[in-house]
Structures are given as C-alpha cells and as structure tokens.
Amino acid sequence: MLPLACYLGVTLAMPLLDGNAGPAFAEHAILVVLGSALAVIPWPWLMRARARGR
Amino acid sequence: MKRITLTLAVVFAVKLYYRSASAADLDWILRPTVWLVELVTRIPFVREAGIGYFNRDVGFAVIPACAGVNFLVAAFATLMLAQRGRLWLQLPVAALAAFAATVVVNAARLAVAVGLHHHRVSFWFLTPPRLHQLEGVIFYVTALFLLALAVQEKKPCAA
C-alpha cells in the first residue's frame with residue numbers, strides 16, 4: 001500500500017496541507033480516488049497468483 | 001526516521017518549485033517526455049513559449065500540468081521508502097530512477113491521452129477532461145505499484 005499512500009499523499013494531502021486546493025479540488029479528489037480504486041483492483045489477485053507461482 | 005524526513009524534505013522542495021514553475025522551467029522533463037510521445041504517436045509537437053508543446057492539427061498541448069511532477073515525487077518517495085540500506089547512495093539512484101520512470105510512464109499516458117482527445121472519447125459523467133485525469137491516475141498508480149514490486153524483487157529471498 002506504500003505506492004498508493006505516496007500517490008494520495010502527493011495528490012490529495014499535500015494540496016490540502018499547503019493551502020493549494022482550489023475550488024475544483026472536490027472533483028479532483030473524486031477522480032483521484034476513483035482512478036486509484038480502479039488501478040488497485042487487479043493487484044490482490046496478481047499478488048496471490050504470483051505467490052502461488054513461487 | 002532519517003529516511004522519512006529526508007524523503008519528505010525532497011518531496012516538499014520539488015512541490016514548492018513546481019508550484020511556480022513555468023513551461024520553460026520544466027523543459028528538463030517536458031522535452032524528453034514530448035520526444036517519446038512523438039516517437040510513439042508520430043505526431044509532431046512544436047514548442048510554444050509560455051505554453052509548452054503544442055500540436056495544432058490534433059489541438060493537444062503538453063503544458064506544465066502534464067509534466068508528471070506529482071508522479072515524479074510519488075515515485076521518488078516510493079523508491080526511497082520501499083528500500084533499506086545506505087541512504088545517501090539510494091537518494092541519487094532513487095531520483096534518477098524516478099525521473100526515468102516519469103518520462104516513460106508520462107509519455108505512455110500522454111500517447112493514450114492524445115488518442116482519447118483525438119477521438120473525443122467521453123463516457124457518462126466522464127467528460128473528456130475528466131477522462132483525461134482518470135486515465136492519468138490509473139496509469140500513475142499502476143506504475144507506482146510496478147515500481148515498488150521491482151524494488152522488492154531485488155531483495156534476496158529468505159530461505
């Protein structure tokens with residue numbers, strides 16, 4: 001989960017922390033969360049398949 | 001703790017630089033990325049002062065927001081925090097690896113984005129700009145997981 005934490009930290013947490021989150025931030029956040037969820041979906045299955053293959 | 005502090009310091013410094021950087025300031029990352037996009041898509045981009053790189057026929061511009069700096073810092077942080085060992089040796093290696101990964105991943109993302117833009121693809125609430133952003137997030141998160149996996153692969157197997 002480290003890569004996801006780094007990405008969400010940079011794209012969501014940092015703009016909030018440094019006050020750089022503009023009016024479009026809510027839409028940005030929804031798209032980041034949606035895209036991250038879609039990207040993460042295959043990973044548990046891939047990791048299980050990789051572990052079985054070893 | 002030293003590793004986390006150093007990583008966060010670099011990440012904040014790059015983000016601070018990026019906040020006020022112009023297209024000319026970011027040419028060190030825009031130029032190789034656009035070169036790779038041109039190679040893949042066969043679509044030429046012309047450098048335009050104050051904008052970045054632009055193709056009039058397709059109507060697609062590679063602007064500072066497309067430079068992939070957020071991915072660059074996320075990749076750097078992932079590489080730094082996923083490893084153990086000599087910190088000062090890993091810092092430049094992680095920075096170089098993050099830069100190379102950013103150019104390749106961002107060029108692939110932009111090549112797909114050019115295709116989506118050219119064909120005016122949209123779906124339900126996903127307008128072309130939203131789809132462009134969503135595509136970027138999927139590309140970047142997948143690439144970060146692959147980077148972390150590549151770093152883990154280097155670890156010796158416990159018997």
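A few points about this structure:
- The mean sequence separation of alpha-carbon pairs under 8 Å and at least six residues apart, normalised by the residue count of the range B:1-157, gives a relative contact order of 24 percent.
- Rolled with a 1.4 Å probe across the full set of protein chains, the surface gives A:CYS6 an accessible area near 20 Å².
- Peptides B:42-48, B:93-99 ordered by average Cβ neighbours within 10 Å, highest first: B:93-99, B:42-48
- Dipole moment magnitude, nearest 20 debye, chain B about Cα centre, only Lys, Arg, Asp, Glu C-beta charged: 500 debye
- Heavy-atom accessible surface of chain A, averaged per residue, reaches 60 Å², computed with a 1.4 Å probe.
- Within 10 Å of each Cβ in B:126-139, the average number of Cβ atoms from other chains: 4
- Nearest-ten-degree value, helix A:42-53 long axis tilted from longest Cα axis of chain A: 30 degrees
- Theoretical ellipticity at 222 nm over the protein assembly as shown - DSSP helices of four or more residues, -39500 (n - 2.57) apiece, nearest 500: -22000 deg cm²/dmol
- Test item: Cα-centred dipole of the protein assembly as shown, Lys/Arg +1 and Asp/Glu -1 on Cβ, debye: 880 debye
- A:MET1, B:MET1, ranked by accessible area, largest first (probe 1.4 Å): B:MET1, A:MET1
- Selection from B:VAL105, B:VAL137, B:GLY85 lying farthest towards where the dipole of the range B:56-156 points positive, charges on Cβ: B:GLY85
- Inter-centroid distance (Cα atoms) of the range B:108-142 relative to the range B:15-61, Å: 17 Å
The values are calculated or read from the model by the stated rules, or taken from the named source; none is laboratory data. Keep in mind that this is a model prediction, so the values were computed, not measured. Note: ideal-geometry Cβ built from the backbone for every residue, glycine included; neighbour counts use all protein chains shown. Calculation scope for accessible area: heavy atoms of the full protein, side chains included, ligands and nucleic acids excluded. Shrake-Rupley method; radii C 1.70, N 1.55, O 1.52, S 1.80 Å.
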